[in-house]
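To start, the structure under review is shown below, and the notes come after it.
The values are calculated or read from the model by the stated rules, or taken from the named source; none is laboratory data. Keep in mind it's a predicted model, so treat the numbers as computed, not measured. Don't worry about glycine lacking a Cβ; one is built from the backbone with ideal geometry, like all the others, and counts go over all protein chains shown. Surface areas here come from the heavy atoms of the whole protein model, side chains and all, with no ligands, DNA or RNA. Shrake-Rupley method; radii C 1.70, N 1.55, O 1.52, S 1.80 Å.
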Amino acid sequence: LPFEYIRIGLHRYKAPDPQMVNLTYEQYGNAQRYLVAYWDARRSLAESDHTPLRQQLNLMREAEQSRAGFLAHLFTPPSLRLLDHRHQATRFSPQRVYHYDADRAERLIPRFRRLCRRDPILFDMCSQFFQSCQLRYKEDFPFLFKEYGGGYDRSALVMEIDTVNAVQKYAGYTTQQEVYDSNSVFIFGFLNNMAHEAKQIEEMNAKMKMK
């Protein structure tokens, strides 16, 4: 993206870094779900010639909500950290940090909905950026990402709870939330390796059955 921050009122929100390397695993997943929901609503609208008007209005509201939700989870608001734990002794050192919080992002959706009405280009720019990063991820993690049709890129990431449990055990995390709070690209690497190993086992089993 051509900017590092955006401003809404008096507040400044941090944009994703190049290739979205600063997003957490949970943040990426939530942003992706809203983006997929937006495209699903848009596709349903395009096919709604004979749909009742009330249902079309609901689809329009759903698309608007999903568009705002995508941005609310993609951009990180600031928070104030009062204590510095990086040294042997904890010190009082107020500083602004950008830490993703899913519940806070949900509460910010109305604010981003108003922003989308004022600046519709922002969503188009960010969705294209997001999908371009996914294309790169497909090259870096070919066993993890799958491509779906429909005239646009809808890379889907398998995020079932058993997968998170597997990563938790594989990487030595204590809780599932630690997995979600970790860097997304770091977790993608684990998941890609696990998917690759599973594919190799499947191919070996298939060869054994042929003998």
Per-residue accessible area for H99 at 1.4 Å probe radius, Å² rounded to 10? 120 Å²
For I8, which sequence-distant residues (separation of 5 or more, or a different chain) have an amide H within less than 5 Å of its own amide H, given hydrogens modelled in the peptide plane? Y13
Given a 1.4 Å probe and the protein chains all in place, what does the accessible area of L122 round to, in Å² to the nearest 10? 10 Å²
Each residue of the range 32-49 in order: what ³J(HN,Hα) in whole Hz does its phi give by Karplus 6.51 cos²θ - 1.76 cosθ + 1.60, θ = phi - 60°, with x for Gly and Pro? 5, 4, 5, 5, 4, 4, 4, 5, 5, 5, 5, 5, 5, 5, 5, 9, 9, 4
Whole-Hz ³J(HN,Hα) from phi, Karplus 6.51 cos²θ - 1.76 cosθ + 1.60, for the range 55-68, glycine and proline x: 5, 5, 5, 5, 5, 5, 5, 5, 5, 5, 5, 5, 4, 5
What is the sum of charges around R7, taking Lys and Arg as +1, Asp and Glu as -1, for the other residues whose C-beta is under 13 Å from the C-beta of R7? +2
Could you point to the residue in L10, L191, Y34 farthest towards the positive end of the chain's charge dipole, with +1 and -1 charges on the Cβ of Lys/Arg and Asp/Glu respectively? L10
Taking only protein heavy atoms and a 1.4 Å probe, what accessible area per residue, in Å², does the chain have with all protein chains in place? 61 Å²
Cβ-based net charge around E26, under 14 Å, with every Lys or Arg adding one and every Asp or Glu removing one: -3
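Would you count, across the chain, every pair of lysines whose alpha carbons are under 21 angstrom apart, provided the pair is eight or more residues apart or spans two chains?
Working: K138/K146; K138/K199; K146/K199; K169/K199; K199/K207; K199/K209; K199/K211.
Close lysine pairs found across the chain: 7.
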The ³J(HN,Hα) series, computed from each phi in the range 127-141 with the Karplus coefficients 6.51, -1.76 and 1.60 at θ = phi - 60°, rounded to the nearest Hz and given as x for glycine or proline, is 5, 5, 4, 4, 6, 5, 5, 5, 4, 5, 4, 4, 6, 7, 10
With the cut-off at 1.5 for a/c, could you classify the chain from its C-alpha gyration tensor as rounded, prolate or oblate? oblate
Give me, ordered by chain and number, the residues 5 or more places off H99 or on other chains with an amide H under 5 Å from its own placed amide H. S79
Which value, in debye to the nearest 20, describes the size of the charge dipole of the chain about its Cα centre when Lys and Arg Cβ atoms bear +1, Asp and Glu Cβ atoms bear -1, and nothing else is charged? 560 debye
If each residue of separation counts as 0.36 nm, what is the full-extension length gain between Y170 and Q131 once their alpha-carbon separation is subtracted? 11.2 nm
Pull up all non-local amide H partners of T24: gap of 5 or more, or a different chain, and H-to-H distance under 5 Å with H placed in the peptide plane. S184
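Take the solvent-accessible surface of the protein heavy atoms, probe 1.4 Å, and return the percent of it on the chain that carbon and sulfur atoms account for. Mind dumping the intermediate values first?
On the way: 6750 of 12880 Å².
Ligands and nucleic acids excluded, carbon and sulfur reach 52 percent.
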